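Asker: The following block contains the structure, expressed as structure tokens.
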Amino acid sequence: MQFSRSSGVILHPTSLPGPYGIGDLGSSAYAFADFLKASGQHIWQILPLVPTGYGDSPYSGLSAHAGNTLMISPEKLMADNLLPKDILEHTTRFTADKVNFGKVIEFKKKILKEAFQRYKKSPDTKLQTEFLSFCQKHAHWLEDYALFVALKDSHDGKAWDEWEPRYAKCKEETLEKARDELSDEILAEQFYQFLFFKQWHELKRYCNARKISIIGDMPILVAYDSVDVWKNNHLFKLDKDGKPTVVAGVPPDYFSATGQLWGNPLYDWEEMAKDNFRWWIKRFESMLENVDVIRIDHFRGFAGLWEIPAGQKTAEKGKWVSTPGDELFKALVETFDDLPIIVEDLGVITPDVEELRDKYHFPGMRILQMAFGGDSCNIDLPHNYIRHSVVYTGGHDHDTVVGWFRSKEGAGSTRGAEQIKEERQKCLRYLRSTGKEIHWDFIEAAYASVSCLAIVPLQDVLGLGSSARMNLPASMEGNWNWRYRQELLNDETTKRLAEITALYGRDNPLFEENL
């Protein structure tokens with residue numbers, strides 16, 4: 001698919017400001033959309049919307065289809081008469097800059113239960129009809145997900161392989177009994193999903209009406225502790241007891257000398273191919289209902305995935321195993337009229353990855369932070385870009401531009417002190433920069449480039465340092481919790497971004513038909 005010359009900002013909704021401990025789909029989300037419009041942006045890129053499990057990572061969700069109910073706006077629930085107006089008087093006081101997931105989960109569970117009880121007593125037939133319609137439309141994933149969460153709660157939040165064996169093994173007669181015993185809990189979980197998607201689609205319509213397109217992120221893998229693996233053991237490389245025989249990761253890289261041990265189970269591609277990849281087709285259907293463009297994370301995994309024997313402590317002792325990406329995308333192209341996709345083609349990129357990407361005309365990525373190592377042929381240097389590409393100053397796994405510029409040996413990458421110094425000096429020469437406003441220099445270089453899309457994390461628009469980093473790969477704590485303060489999005493920042501956008505002709509809607 002061809003995209004028009006456009007630009008936008010990466011911000012996950014959990015990073016929005018607000019009084020409830022985590023960014024949500026209420027007024028601050030609409031204010032951010034207004035900022036995008038005022039600054040000439042036509043793209044809002046987000047991370048996966050899925051409900052998170054252990055570690056709070058949106059790349060390790062409990063479901064490939066469900067939404068993260070922590071993002072449900074109490075403000076909008078009050079407007080729908082599902083919460084009392086004085087809810088703030090009884091709210092735990094939260095810090096503004098970081099998400100305390102433990103406190104937020106406790107608070108959101110409490111108010112969602114209150115909203116569900118009010119719904120059951122409500123005479124609002126319109127809301128009841130909408131809920132029923134939602135349940136019918138999404139039954140193919142919603143019923144299993146609601147049961148999964150209800151069973152997980154009844155087992156004190158433990159992973160499914162630690163449940164009673166009769167539940168872990170998905171014996172149908174046992175599950176039927178569980179559906180009866182946990183019927184109210186299951187209905188509640190379905191209602192929470194209804195609330196999330198109701199609020200999400202209201203926000204998406206608001207953005208689309210202002211010619212702002214949503215780019216959503218699809219992780220190539222799913223978490224072991226997910227409804228997808230629990231209900232579909234046969235689609236994954238598991239032993240007879242449901243334990244992974246191999247797990248996913250990447251070999252030693254920029255971020256870690258021992259590689260990244262993700263631990264996700266790997267797909268049994270032969271089994272998936274038997275029904276022409278139906279599981280994947282359903283997954284893409286869900287994504288395309290919720291976003292305008294899909295960014296596929298770790299695209300190189302569709303040519304080959306790094307398989308690590310289960311039980312390894314690092315990702316070093318693995319091997320590349322080929323995957324049938326061509327067959328999968330052929331099935332997807334035959335199913336969907338349009339596949340608006342961009343791909344994260346970073347890491348160990350071999351010719352087969354490039355061939356797969358180019359065969360289906362998917363734009364790949366360029367990362368400006370990665371441009372200043374190596375020689376003048378480095379594909380991340382702007383003079384080597386092609387139009388059919390997407391340039392980022394950095395992504396969710398990278399440091400902020402200011403943090404990268406100030407980085408030190410051993411902090412966030414495998415680079416040594418001399419390499420950091422050389423990259424910094426080359427960066428200043430290449431950008432003709434003094435380094436005083438390095439984030440704006442990066443933004444201007446990205447926007448001036450020939451790439452059809454230029455996308456910048458909000459942290460770089462705001463010129464924030466490493467404390468605003470979203471994720472540090474190969475680390476287990478302190479990730480995914482950054483939030484910004486509303487006052488940082490001031491008129492000066494909005495005007496400056498708008499001027500750069502107009503100067504380099506990026507103030508266009510994403511799709512040609514919207515021009």
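The values are calculated or read from the model by the stated rules, or taken from the named source; none is laboratory data. Not measured: the values here are computed from a predicted model. Please note: Cβ atoms are built from the backbone with ideal geometry, for glycine as well, and neighbour counts cover all protein chains shown.
Asker: Which numbered condition in (1) at pLDDT 95 or above; (2) over 21 Å from residue 3 (Cβ atoms); (3) out of contact with any Gly (no Cβ under 6 Å at 6 or more places or on another chain) is the only one that residue 439 fails?
Answerer: Among (1) at pLDDT 95 or above; (2) over 21 Å from residue 3 (Cβ atoms); (3) out of contact with any Gly (no Cβ under 6 Å at 6 or more places or on another chain), residue 439 violates only (3).
Asker: For the range 467-515, which positions are within 23 Å of residue 292 (Cβ to Cβ) and free of Cβ contacts under 8 Å to residues at least 12 places away in the same chain?
Answerer: 513
Asker: Identify the single condition in (1) surrounded by fewer than 21 Cβ atoms within 10 Å (Cβ to Cβ); (2) in contact with a Lys or Arg (Cβ under 7 Å, 6 or more places away or on another chain); (3) not acidic (Asp, Glu) that residue 38 does not satisfy, given that it satisfies every other one.
Answerer: (2) is the only condition that residue 38 fails.
Asker: Yes or no: residue 496 under 24 Å from residue 390 (Cβ atoms) and of a type in the set (Lys, Arg)?
Answerer: Considered against the rule, which asks whether it is under 24 Å from residue 390 (Cβ atoms) and of a type in the set (Lys, Arg), residue 496 comes out as yes.
Asker: Also, quick follow-up: Residues in the range 323-370 that are modelled with pLDDT under 95 and among the polar types (S, T, N, Q): how many?
Answerer: 1
Asker: Let me ask something additional. Can you tell me which residue within the range 96-125, out of those that are part of a loop (DSSP other than H, G, I, E, B) and under 29 Å from residue 484 (Cα atoms), is farthest from the chain's Cα centre (by Cα)?
Answerer: If we take residues in the range 96-125 being part of a loop (DSSP other than H, G, I, E, B) and under 29 Å from residue 484 (Cα atoms), then 96 is farthest from the chain's Cα centre (by Cα).
Asker: Specify the residue that is surrounded by the fewest Cβ atoms within 10 Å (Cβ to Cβ); the eligible residues are those in the range 363-380 that are in contact with a His (Cβ under 9 Å, 6 or more places away or on another chain) and part of a loop (DSSP other than H, G, I, E, B).
Answerer: Across the range 363-380, the extreme among qualifying residues is 376.
Asker: Can you tell me which residue in the range 139-167 is modelled with the highest pLDDT, limited to those that are of a type in the set (Gly, Ala, Ser) and surrounded by fewer than 20 Cβ atoms within 10 Å (Cβ to Cβ)?
Answerer: Here the answer is 139.
Asker: Could I ask something else about it? With 248, 257 as the choices, which residue is assigned to a strand (DSSP E or B), among the hydrophobic types (A, V, I, L, M, F, W, C) and modelled with pLDDT under 95?
Answerer: So the residue among 248, 257 that is assigned to a strand (DSSP E or B), among the hydrophobic types (A, V, I, L, M, F, W, C) and modelled with pLDDT under 95 is 248.
Asker: Can you tell me which of 327, 271, 307 is in a strand (DSSP E or B) and over 30 Å from residue 457 (Cα atoms)?
Answerer: The conditions single out 307.
Asker: Keeping to the range 145-167, report how many residues are more than 23 Å from residue 195 (Cα to Cα), part of a helix (DSSP H, G or I) and touching a residue at least 40 places away in the same chain (Cβ under 8 Å).
Answerer: 2
Asker: Return the residues of the range 49-64 that are under 21 Å from residue 100 (Cβ atoms) and either part of a loop (DSSP other than H, G, I, E, B) or among the aromatic types (Phe, Trp, Tyr) (or both); say none if nothing qualifies.
Answerer: 49, 50, 51, 53, 54, 55, 56, 57, 58, 59, 60, 62
Asker: So, one more: What residue, of 211, 237, is in contact with a Pro (Cβ under 9 Å, 6 or more places away or on another chain), surrounded by fewer than 21 Cβ atoms within 10 Å (Cβ to Cβ), farther than 30 Å from residue 5 by Cα and in contact (Cβ under 8 Å) with a residue 24 or more places away in the chain?
Answerer: None of the others qualify; the one that does is 237.
Asker: Go through the range 411-448 and give me each residue that's of a type outside the set (A, V, I, L, M, F, W, C), buried (at least 18 other Cβ atoms within 10 Å of the Cβ) and over 30 Å from residue 387 (Cβ atoms).
Answerer: Of everything in the range 411-448, those that are of a type outside the set (A, V, I, L, M, F, W, C), buried (at least 18 other Cβ atoms within 10 Å of the Cβ) and over 30 Å from residue 387 (Cβ atoms) turn out to be 412, 415.
Asker: Could we say that residue 451 is crowded, with 23+ Cβ neighbours inside 10 Å and not acidic (Asp, Glu) here?
Answerer: yes
Asker: Which pairs turn up if I take residues in the range 363-389 that are without any contact (Cβ under 8 Å) to a residue 24 or more places away in the chain and look for partners that are among the charged types (D, E, K, R) and not in a loop (DSSP other than H, G, I, E, B) with beta carbon separation below 7 Å, at least 6 apart in sequence or on another chain?
Answerer: 379/366; 380/366
Asker: Tell me which residues, restricted to the range 168-224, are under 18 Å from residue 24 (Cα atoms) and of a type in the set (Ser, Thr, Tyr).
Answerer: Within the range 168-224, 192, 206 qualify.
Asker: May I ask you to list the residues in the range 102-144 that are farther than 19 Å from residue 75 by Cα and either in contact (Cβ under 8 Å) with a residue 24 or more places away in the chain or of a type in the set (Asp, Glu) (or both)?
Answerer: 130, 131, 134, 135, 138, 140, 141, 142, 143, 144
Asker: Could you list all residues from the range 343-360 that are surrounded by fewer than 18 Cβ atoms within 10 Å (Cβ to Cβ) and either within 20 Å of residue 45 (Cβ to Cβ) or of a type in the set (Lys, Arg) (or both)?
Answerer: Of everything in the range 343-360, those that are surrounded by fewer than 18 Cβ atoms within 10 Å (Cβ to Cβ) and either within 20 Å of residue 45 (Cβ to Cβ) or of a type in the set (Lys, Arg) (or both) turn out to be 347, 359.
Asker: For the range 371-393, how many residues are touching an Asp or Glu at 6+ places or on another chain (Cβ under 8 Å) and at pLDDT below 95?
Answerer: Qualifying residue count for the region: 1.
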